[in-house]
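> The structure follows.
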């Protein structure tokens, strides 16, 4: 079991000794009318301060004897449940008993993962194809494309770009923070503006058109001035533009970087794709090993560890999404973040449980195999992970120090 109940008894002699210490200290400090400091009778102190002294004794004895009991039991608690100290009663002339429920890491009986019964892996035979190279070239062309104004009267369709002026109104009054000028929108990208996807309203329209789009706010919106009201988004199409791709030739290759020719660019892309594929194959094989380890082992997982990991995952997910999608003009963002946190609580629970289980298995393997990692190896892996995830080294270090199983799993 991952929960264990410890019945802890403090001997009568220890209780009596602690009472004497507390009363001696109180006697030196208490100011009793008619008595000089340190001269008040103990009987008088007992009458006046019995409850206070009793609680002081409890607060001194419980932590000390709890630590002794844990050490004697040979357990490393990950969660401790001790009844509230203010409810405990102790008398100076008898032993003092209390109970602590501790949650501990489960003992894991490792399965057979070494020869002659190693974990078998399914071979991944993927290779880099010419089609993948061509798609990468096409992506580069789009990055270097120019936008030209289309002939007057051209209706908007997917693939074209609209230059927009936007402003929100509530009860015919401009809504602060909603005004945008010269906003470029790629039709078909489904990129929301002020929380609204505009594609369906713009397709078929042309430069010069003005569209009013109603956007109701929910009754429980955090801003009371907007709750239950409707914002009208006034959108003006200032211009319609079309992407013009550069020719795929040696000049284009030179514009992309330090390349002598188009063939040189293709060779470089092919090498990069092969490196990405190699890394992907290694990750795939690692995932196979992980899944087999998870399938091989069955044990009770402490819920407190799952909850800790779940909160870490939720924070990381919301921080990442908020960093990429945060818009100062999004008036509905606070409410959306609250709803997102509730949704993630259920959505990420299985992944949190999986990560904790894997971490416990890997910890057991590390102990069994006597594995050790040097500081240089840790730093090198952090640098590698930071490069792979395109994050600062300091941020990766904070993730690892925070104890998230996801970061540990990468190691």
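> Measure nothing fancy, just the Cα-based angle from helix 42-73's long axis to the longest principal axis of the chain, in degrees from 0 to 90, nearest 10.
Taking Cα atoms only, the helix is inclined about 60 degrees.
> Between the helical axis of 12-29 and the dominant principal axis of the chain, each derived from Cα atoms, what acute angle in degrees is found, rounded to the nearest 10?
80 degrees
> How much length, in nm to one decimal, is gained on full extension between residue 387 and residue 48, taken as 0.36 nm per residue of separation minus their Cα-Cα distance?
Residue separation times 0.36 nm, minus the Cα-Cα distance, leaves 115.3 nm.
> Helix 375-389: angle to the longest alpha-carbon principal axis of the chain, degrees 0 to 90, nearest 10?
40 degrees
> Could you tell me the relative contact order of segment 3-104? Use alpha-carbon pairs under 8 Å, at least six residues apart, and round to a whole percent.
50 percent
> Using a Förster radius of 22 Å, what is the FRET efficiency between residue 5 and residue 300 based on their Cβ-Cβ separation? Nearest 0.05, please.
0.90
> Quickly work out the residue 248-to-residue 146 label distance, labels modelled 7 Å from Cα along the C-beta direction, and quote it in nm with one decimal.
With each label placed 7 Å out from Cα toward Cβ, I get 2.1 nm.
> For residue 24 and residue 179 in one chain, what is 0.36 nm times their gap in residues minus the Cα-Cα distance, to one decimal in nm?
Separation in residues times 0.36 nm, less the Cα-Cα distance, equals 48.5 nm.
> Could you grab the relative contact order for the chain? Cα pairs under 8 Å, six or more apart, rounded to a whole percent.
After rounding, I find 15 percent.
> Let me ask you something else. Can you put 372, 349 in order, fewest other beta carbons within 10 Å first?
If I rank by nearby Cβ atoms, fewest first, I get 372, 349.
> Can you classify segment 252-410 as rounded, prolate or oblate using the Cα gyration tensor, where a ≥ b ≥ c are the square roots of its eigenvalues, rounded means a/c under 1.5, and otherwise it's prolate if a/b beats b/c and oblate if not?
In terms of gyration-tensor shape, oblate.
> May I ask you to compute the full-extension gain from residue 223 to residue 201, defined as 0.36 nm times their residue separation minus their alpha-carbon distance, rounded to one decimal in nm?
Net length gain for the segment: 5.2 nm.
> So what is the 222 nm mean residue ellipticity for the chain from helices alone, if each DSSP H run of at least 4 adds -39500 (n - 2.57) and you divide by all residues, rounding to the nearest 500 deg cm²/dmol?
After summing the helix terms and dividing by the residues of the chain, the value is -16000 deg cm²/dmol.
> Over the chain, what number does the Rg to Rh ratio reach, with both radii from the alpha-carbon atoms and Rh per Kirkwood?
Radius of gyration over Kirkwood radius for the chain works out to 1.15.
> Treat each spin label as a single point 7 Å out from the Cα along the C-beta direction, and report the residue 122 to residue 93 distance in nm.
7.6 nm
> Given points 7 Å out from each Cα along the Cα-Cβ axis, report the residue 288 to residue 276 separation in nanometres with one decimal.
2.3 nm
> Something else now. Taking the beta-carbon count within 10 Å as an exposure proxy, list 255, 250 from fewest neighbours to most.
Ascending number of Cβ neighbours within 10 Å: 255, 250.
Values in this text are rule-based calculations from the coordinates and carry no lab data. Nothing here was measured: the structure is a model prediction, and the numbers come from that model. Counting neighbours? That spans all protein chains shown, and the Cβs are built from the backbone with ideal geometry, glycine included.
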